Structures are given as structure tokens and as C-alpha cells.
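All remarks here apply to the structure that follows.
The values are calculated or read from the model by the stated rules, or taken from the named source; none is laboratory data. These figures come from a predicted structure and were not determined experimentally. Cβ placement follows ideal geometry from the backbone for every residue including glycine, while neighbour counts extend to all protein chains displayed.
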Amino acid sequence: MSTETVLNNYINNEWCRSNASEYLDVTNPATAEVLGVVPLSPSAEVDRAAQVAADALVEWRRTPAPDRVQYLFKLKNLLEANFDDIARTITLECGKTLDESRGEMRRAIENVEVACGIPTLMQGYNLEDIATGIDEIMIRQPVGVCAAIAPFNFPGMITSWFMPYAVACGNTYIVKPSEKVPLTMQKIFQLIEETGLPQGVVNLVNGSEATVNAILDNPTIKAVSFVGSTPTARYVYSRATANGKRAQCQGGAKNPIIVLPDADAEMTQHATTESAYGCAGQRCLAASLAVTVGEAREWFTEVMTDAAETRVVGYGLEEGVEMGPVITPESRSRIEGLIQKGLDEGAKILVDGRNSQIPGYENGNFVRPTLLGDVNPSSEIAKTEIFGPVLSAIHVDTIDDAISLVNAGRYGNMACLFTSSGAAARKFRYEAEIGNIGINLGVAAPMAFFPFSGWKDSFFGDMHGQGKDAVEFFTQKKVVVERWA
Ligand code: NAD
């Protein structure tokens, strides 16, 4: 392994070689080629990043908001100029198709754009004469040093749900990317360096569990944003809050879509296919359960069988490929094991994506689109997050049964309804106990100016990522009551 491929941390505007005693390979999931090695940084490096971020905070919070966002305007322009290069890096390390990587970067940039509005978004409010001659104002001030801990499935986008807002609000920042996909953040931090942000305002520390624990235990870090699986989200939330930090922790999902008999078959097929099999099912907004109501069962099964069988699977950098591999060989085995578990529990295999070989990419972690029918709602496959290209179909008789099934799930990240009835759509929107709702959409991903609103076991905290919630999370309110004689 040449030394150039060892990834660095970025602390106090310097690229630093970690003193880690352990490193992990970063691997292309389609080819098994090693792309680099990532350090599992020790706690001393988190502590140093926190210290320089605390030092930087003094001047940064005094920098006027309109001046702070100038760095974000520069970052937006640099991200646009390097758009294809970053998208390519996402595909290399994460496996999704180039189009999917471009879509991810578009969402990342949208968040930077929205955070550029901080001079307006961060305003407080006031009331003159709360009593005669006395005025009261609410002002927002930064929280301090904040940190993000990211998952593997969106290496370029997820940090942008938090970091641009935090920095624009006058906080300083530490990013800990997923150790499985750390290359994209190396590229983005090279652009952050080019923006000329002052020393220590934004820092990058690579690592895994021990690095996360160091973030959670460091008393200088005041707020933590986490995205990943539910067990880790719950753990991070409890340890961060036990240590007196603010925390917002987004977890896993098991997203149902309901198909009513009056739905448009073509639209439903297209949207469900993109949702269940897009990004190889490795999206927290991937449809994982399809609940058909009444006569929808027959036509839905037919169109989805066709969609699963014909989806083009291969290397995401190649033209015409519609679905890439899953992230690791362990992921592939886990997904295939869950499919078998579903069959053991009585489901029917309608399209079997196991044991896939893609010519030329025999070492890749490929699972083809899989469709299971007659899935029992109480079986494990109906409840467990698979995080792979597997759609499980369940049949019920009425929309009430379907909504009850949705509400019985432990997760609350997303649910979608396909229908041509406004009344059914309203009922669903009103009754579903879920944070993100789609009507005739397969991936109800909130835009940057709306909160990414998971519920139940999909979210631990109060304020979500993105938009006004991000401003709430990254500021603390101060109320001033004034009397001048
Ligand atoms: P993960 O929980 O394994 O890892 C997420 C982060 O936590 C990584 O940075 C990792 O280094 C760290 N980590 C892992 N185990 C840890 C531990 N025991 N202690 C401390 N830190 C630990 O998640 P993943 O596999 O990278 O990502 C996939 C998961 O993320 C899926 O469950 C998916 O649904 C979820 N996800 C949720 C959303 C959302 O918005 N709700 C978005 C994207 C992904």
C-alpha cells in the first residue's frame, strides 16, 4: 500500500497524518479493489479537533452572519465546479450508479444553498412595550462546537443536513464520516480548504466506534448529529445526552408503501421500483414493504415482477446500469440470509436476486432485485430493516387494515400511498404515524428547506436535520427584557 492512499484528518486547516494504531481498507464494492486506507483515529485526535474548534469559536461567532455565509456561497460554487468528480468518488466507494451519486450531490448542494439564508433564518423576534416602556427580544446564539457522525449510504449528502447550518449559525464543527466511505469527505474537505474558512472552524476526523465515543465523551463538544442504524442511533443519543449534549439521531427504517386498486399502475410501478431498488435498497427511504389492497394485488405483482426481473445491475460507473452492488460482502450475506429467513417463514419468492454474478465483476457484492410475495405481517422479514434490494409484498382487504399495519411497525421514517382518491390520500396523511409521507411518490425525501422528519425508532431527539429545525438545533435562544429610563 503506497503512503498516498492513507487518508488524513483535517484539523485546524491542516491535513494531518493520524497516530492511529488501526487502519481499515476502503474498498470498491463493485470490484473489491482497495481504494485507500482509513485511520481509526484515537480519542486524542478528537480532543485536539474539539480544542481547535473551541479556539476558533471565539472569533467565528463574532463574524457577522452575512460574512459567514460568504464561505458557503464559495463552497456551493466549488461543489458545482467539482460535481462530477465528487459523484464519481461516491460511486467508487459506495457502489451506487453515477446518476444516483449526482442526485445525492444535488441534495447536498441544496442544503448549502438553504444555509446561505441564515441572515434571515437565524433572526429572533421582539415585542415593544411588554409593559409600559419595557421591551423584550429573543436572540439566537450559536451552541458552540458541534459534530456530525455519518453513515455509509450517502457519503456526500448527509453531513450537509447539519454542517452548513451549524457553521452559518456561528458554531464550529467536526465531521466523522463513515469508515466505509471516507473518500468523498476527503474531496469535499479539499474544497472547504479552498473556501478560506478560518482555522479550526471545520475539522475532519476519521474513525469508527472509538472515535465516536471520543466525540460523545468530549465535554467541549456541545451538540451531536448522528445518522445510521437504530441500535447505534439509540446508543449515541443516550450517551451524548447523558453527557449533557444536544443530540439529534436519525436511525433505521422499514418503509411501507400502500397500493390501492385505483392507483395508476404505471406510475406506481415506476415509483416503487426506484424506491425499492434505487441505490440497491440502501436508502433510509427505500420502500421495503408493499401493502396491496383488494384487486391491486394482481396487477401490482405482475408489474413489479417485470420491473425486478428487467432492472440492469452492474458497475455504477457504466452507462445504462440501473443498480449497483451493496456495500460489503457481509451486507450481501446478511441480505441473502434474510431472504432465506423470509422463505422459511412462508413467503413466496417471485424474483430471486441471490447468488448473482455480474460478468467482469465477479468479486462485487451484487444482489439482484428480489421480490417476495405472501409475506406474513408478523414474520421477521416484514419487520427487520433489510437495507438491500428486497421488496416484500403483503396483501390486505381494506385501507384501514393497511394503515393499521403501517402504524404497528416500530419505525416511522416514511410511508407512501398510491391512489387516485383524494379522500383516501387525506385519510392516510392524517392517520399514518410516520414522519415523512409520500402520496403517489416512492421516495418522500424532504427538500433542504423542510425537516427530515423520522418518527418512532427512526429518530431520537426533538429537532430534525435541515431547514428551520437545523437552525433551532444549532442555536440557543436568549431572551432580553429591557427598560431604559
Ligand atoms: P451504522 O449505525 O453502522 O454506522 C453509522 C455511524 O456510526 C458510522 O459513522 C459508524 O462509524 C458509527 N458506529 C457504528 N457502530 C457504532 C458503535 N457501536 N458505537 C459508536 N459508533 C458506531 O450505520 P450504517 O450501516 O453506516 O448506515 C446504514 C443505516 O443508516 C441504516 O440503518 C439506514 O436506515 C440508516 N440511515 C438512516 C437515515 C435517516 O435519515 N433516518 C439516513 C441514512 C441512513
Could you grab the pairs with beta carbons closer than 8 Å, sequence gap of 6+ or different chains, first residue in segment 91-102 and over 10 Å from GLY324 (Cα atoms), second one in a helix (DSSP H, G or I) and of a type in the set (Lys, Arg)? SER101/ARG88
When segment 226-246 is examined, which residues are found to be under 16 Å from PHE473 (Cα atoms), touching a residue at least 60 places away in the same chain (Cβ under 8 Å) and touching a Lys or Arg at 6+ places or on another chain (Cβ under 9 Å)? ARG246
Restricted to segment 284-322 and to residues being buried (at least 24 other Cβ atoms within 10 Å of the Cβ) and not hydrophobic (A, V, I, L, M, F, W, C), the residue nearest to the ligand (Cβ to nearest atom) is SER288
Counting only strands (runs of 3 or more DSSP E) wholly inside segment 239-333, the ones holding at least 3 residues that are over 27 Å from ASN363 (Cβ atoms) and of a type in the set (A, V, I, L, M) are 255-259, 287-293
Being touching a Cys at 6+ places or on another chain (Cβ under 9 Å) and either in the same structural domain as PHE474 (by TED's automatic domain parsing) or at pLDDT below 95 (or both) narrows PHE154, PHE189 down to just PHE154
Please count how many residues of segment 398-409 are exposed (fewer than 13 other Cβ atoms within 10 Å of the Cβ) and not in a helix (DSSP H, G or I). 1
Within segment 216-239, can you find the residues that are closer than 25 Å to ARG283 by Cβ and surrounded by 18 or more Cβ atoms within 10 Å (Cβ to Cβ)? VAL224, SER225, PHE226, VAL227, GLY228, THR230, THR232, ALA233, TYR235, VAL236, TYR237
Going by the structure shown, is PRO325 under 25 Å from the mean Cα position of the chain (by Cα), surrounded by fewer than 17 Cβ atoms within 10 Å (Cβ to Cβ) and within 16 Å of the ligand (Cβ to nearest atom)? no
